[in-house]
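Chemist: To start, I am sharing the structure in question, which I have written as structure tokens.
Every read-out reported here was derived from the displayed coordinates using simple, explicitly stated rules and does not represent laboratory data. What you see is a predicted model, and the numbers here were worked out from it, not measured in a lab. When we count neighbours, we look across all protein chains shown, and the Cβ atoms used for this are built from the backbone with ideal geometry, even at glycine.
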Amino acid sequence: MIIENIPTVNIEDKLFLNRYIVDEIPHLVIIDQEVCRGCTAKPCMTFCPARVYEWKDDHTTVGYEGCLECGACRIACSFNNIQWTFPRGGFGVQFRLA
Ligand code: SF4
Ligand code: SF4
């Protein structure tokens, strides 16, 4: 059965609406890269909706500039290996709904 006229949401399009005021000081920091090397599941690479975390060569990179400040990574890193703060005042994401 084909259901018509159901609006769909493209998450990439929604994220594109956001604006970011980027601070030069990262508000997300990996505490110990050695811990990341021993983390086989690397859940941060999948649960972050903004794909902030990536594995490059032998370490975790943090593209904090695109962070949505949802807070998921502060609780989901199995090793509590992410130092998480909000961006400084005046910096960070500005959400746009349309
Ligand atoms: S989940 Fe935590 S320990 Fe594992 S790779 Fe990500 S930041 Fe490192
Ligand atoms: S706070 Fe949310 S968007 Fe920002 S890095 Fe963590 S999981 Fe990703």
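Chemist: If I ask for residues that are part of a loop (DSSP other than H, G, I, E, B) and within 19 Å of LEU15 (Cβ to Cβ), which ones from the range 38-48 would you list?
Modeler: Correct list: CYS48 only.
Chemist: Next question. Any idea how many residues of the range 49-98 are of a type in the set (A, V, I, L, M), in a helix (DSSP H, G or I) and over 18 Å from ARG37 (Cα atoms)? First the steps, then the outcome.
Modeler: Within the range 49-98, the first condition is being of a type in the set (A, V, I, L, M), and the residues that meet it are 50, 52, 62, 68, 72, 75-76, 82, 93, 97-98.
Right, trim to in a helix (DSSP H, G or I) and you get 72, 75-76.
Narrowing further to those that are over 18 Å from ARG37 (Cα atoms): 72, 75.
Total meeting the criteria: 2.
Chemist: Just checking, how many residues over the range 12-37 are out of contact with any helix residue (DSSP H, G or I) (no Cβ under 8 Å at 6 or more places or on another chain) and assigned to a strand (DSSP E or B)?
Modeler: Looking only at that region, the number is 3.
Chemist: Now for a different question. Go through the range 45-77 and give me each residue that's near ligand 1 (Cβ under 8 Å from one of its atoms) and either under 23 Å from ARG19 (Cα atoms) or among the aromatic types (Phe, Trp, Tyr) (or both).
Modeler: Passing the criteria: MET45, TYR53, TRP55, CYS73.
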